[in-house]
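The values are calculated or read from the model by the stated rules, or taken from the named source; none is laboratory data. Keep in mind that what you see is a predicted model, and the values were worked out from it rather than measured. Cβ atoms come from the backbone with ideal geometry, glycine included; neighbour counts cover every protein chain shown. When the accessible area is computed, the model is the full protein with side chains, heavy atoms only, and any ligands, DNA or RNA have been set aside. Shrake-Rupley method; radii C 1.70, N 1.55, O 1.52, S 1.80 Å.
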Amino acid sequence: MVWNKEAECMEREEKEKLQLKLLKETLKKAYENVPFYKKRFDEVGIKVEDIQSLKDIEKLPFTTKTDLREAYPFGMFAVPEEEIIEIHTSSGTTGKPTVSGYTKKDLEIWSEVSARAITMALGTKNDKIQNCYGYGLFTGGLGIHYGTHKVGATIVPISAGNTKRQIEVMKDFQSTILTCTPSYALYLAEVLEKEGLSPEEISLKSGIFGAEMWTEEMRDELEKRLGIVALNIYGLTEIIGPGVAQECPAKTGLHISDDHFYPEIIDIKTHQALGEGEKGELVLTTLTRDGMPIIRFRTKDITALRKDKCECGRTLVRMDRITGRSDDMLKIRGVIVFPSQIERALLKIEGLSPNYQIIVSRPKYLDELEVRVEASTELFSDEMKKMEEIENKIANTINKEIGLRVNVTLAEPETLPRSEGKAVRVLDLRKFD
Ligand code: DLL
């Protein structure tokens, strides 16, 4: 099943013509209405008229997360504020989040690409979608919600958390599609088993899992334990939210809705464009957004593109599963965390040395975050109770900064490894490639 055959199965030549036309319109819109883009283009001496082919996009400067943060909150909007009817932000909890503003038309586009994703994952109007992505500023909940309405399926807008209730609802309402992060899906599978329920006793047929990195092994596990087809969904707030790309049951990569988002892959060191099948950083340009057009956004996500036609009949460009990041951003339980945020929290506490290590693991199904930090000799004490107090204080300070629970271990002075070059602060023990 294809949601929008005309768009999703369009011949490449025709698609490229359409992309060029939309790109030119987007550039004009951005240049004329967003001072940031006017300044950027003027600085490098590029004019909108200089872009006469899709390849010419490489002449344009990149947009980064830092640029968006500096424009916080509404500096990237290309329309008067009264035309923006919805706002979302990235899932990081502190610092300046990146803001995304949507006009009525942008929400229609989001519904459209999300409807495509749901259809790719076997959704029809006869399905019940249990949507456990968080509702709120995070794009996950509402993105899936809008797509479900567009498909005409039934949305069960349960949001994240309260796992017992999730299971009850799944059983009583006979939900057929589950949407959440893959780690939460695995946790749900575990609770189902604990409750003595087998996959045959629930009605799930597919899962739309994303918002964080996961693997083929994780897919096998989820498919087996939940009795479903587990498919990958990709998206990011800056571009629109979930639905930028989605896997179909052929599982040969995620179909990017490239009539709305133009993908490129660049070499992370040279920033030069890479060819089909070559692994590098994904760069995305919005082709149809009015509220906040984004040009050459460096996602920092590592993948490769494939242009051949998929066995499902779609001609949309496909991207491989994300296998890493080109920066130090971590996603822990769905929340964006930069090591610098943890460092900032640590430095607020007197008596800590700036030597620390961040350890991320997934002992069972959910991510765990541990911070080991060296105390100064004065602070370090043999007294267990006192140490625990300090550890709690540190954990609370970090919690305030990043919004996640963290285990803190105080280390004796001069015991954490020193590095001779760039410090290795993060040990990510989760395996993604
Ligand atoms: O995570 C949007 C989303 C919601 C996607 C629900 C899928 C499902 P942000 O919070 O802005 O938006 O985070 C975007 O998450 O740059 C990737 O690093 C990561 N990410 C998203 N989907 C995947 C995926 C949402 N399928 C950032 N595989 C992106 C790996 C993913 N990483």
Which ³J(HN,Hα) values, rounded to whole Hz and listed in residue order, are derived for region 171-188 from phi using the Karplus coefficients 6.51, -1.76 and 1.60 in 6.51 cos²θ - 1.76 cosθ + 1.60 with θ = phi - 60°, glycine and proline given as x? 6, 5, 8, 6, 4, 10, 10, 10, 10, 5, 6, x, 5, 5, 4, 5, 5, 4
Tell me, what % of the accessible area of the chain is carbon and sulfur with a 1.4 angstrom probe? 51 percent
How much of the DSSP bridge set in the chain is antiparallel, in percent, rounded to the nearest 5? 60 percent
Just how much of F380 is accessible, in Å², when a 1.4 Å probe is used and the result is rounded to the nearest 10? 50 Å²
Run the 1.4 Å probe and let me know the accessible area of S198, rounded to the nearest 10 Å². 40 Å²
Size of the dipole of region 244-337 about the Cα centre, Lys and Arg at +1 and Asp and Glu at -1 on the beta carbon, nothing else charged, in debye to 20? 240 debye
List the residues, sorted by chain then number, that are 5 or more residues from D290 or on another chain and whose placed amide H is less than 5 Å from its amide H. T103, D106
Net dipole in debye of the chain [+1 Lys, Arg Cβ; -1 Asp, Glu Cβ; about Cα centre; nearest 20]: 580 debye
For a test of the definition: using alpha carbon positions, the gyration tensor, and the 1.5 limit on a/c, classify region 179-319 as rounded, prolate or oblate. prolate
If you put +1 on each Lys and Arg Cβ and -1 on each Asp and Glu Cβ, how big is the dipole of region 331-428 around its Cα centre, in Debye rounded to 20? 580 debye
Rounded to the nearest 10 Å², the accessible area of V44 using a 1.4 Å probe with every protein chain kept is 90 Å²
Packing rank of 179-189, 161-171, where each peptide gets the mean count of other beta carbons within 10 Å, highest leading: 179-189, 161-171
Straight-line reach only, C-alpha to C-alpha below 16 angstrom: list the aspartates and glutamates that K224 could link to, leaving out same-chain residues fewer than 8 apart. E190, E193, E200, E201, E216
Filter on K5/K331; K150/K279; K65/K194; K28/K96; K17/K105; K39/K307 - keep pairs with C-alpha separation over 31 Å: K5/K331; K150/K279; K65/K194; K39/K307
Check E368: other-chain or 5+ apart residues with amide H under 5 Å from its amide H, H built from backbone geometry? S361, R362
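Can you give the accessible area per residue of the chain, in Å², using a 1.4 Å probe? Intermediate results must be reported in sequence, preceding the final value.
Details: 19240 Å² over 433 residues.
Result: 44 Å² of accessible area for each residue.
Per residue of the chain, what 222 nm ellipticity follows from adding -39500 (n - 2.57) for every DSSP H run with n ≥ 4, rounded to the nearest 500? The partial results should precede the final answer.
Working: 11 runs with 134 residues, N = 433.
So the helix-based figure for the chain works out to -9500 deg cm²/dmol.
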Would you grab the residues whose amide H sits under 5 Å from the one on D428? Only those 5+ places off in sequence or on another chain, please, with H modelled 1.01 Å from N. V360
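Mind ordering 78-86, 280-288 by average Cβ neighbours within 10 Å, highest first? The partial results should precede the final answer.
Numbers: 78-86: 14.4, 280-288: 23.4.
The densest-packed peptide leads the list: 280-288, 78-86.
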³J(HN,Hα) across region 301-316 via Karplus (A = 6.51, B = -1.76, C = 1.60, θ = phi - 60°), whole Hz, x for Gly/Pro? 8, 9, 7, 9, 9, 10, 10, 5, 5, 7, 5, 6, x, 6, 9, 4
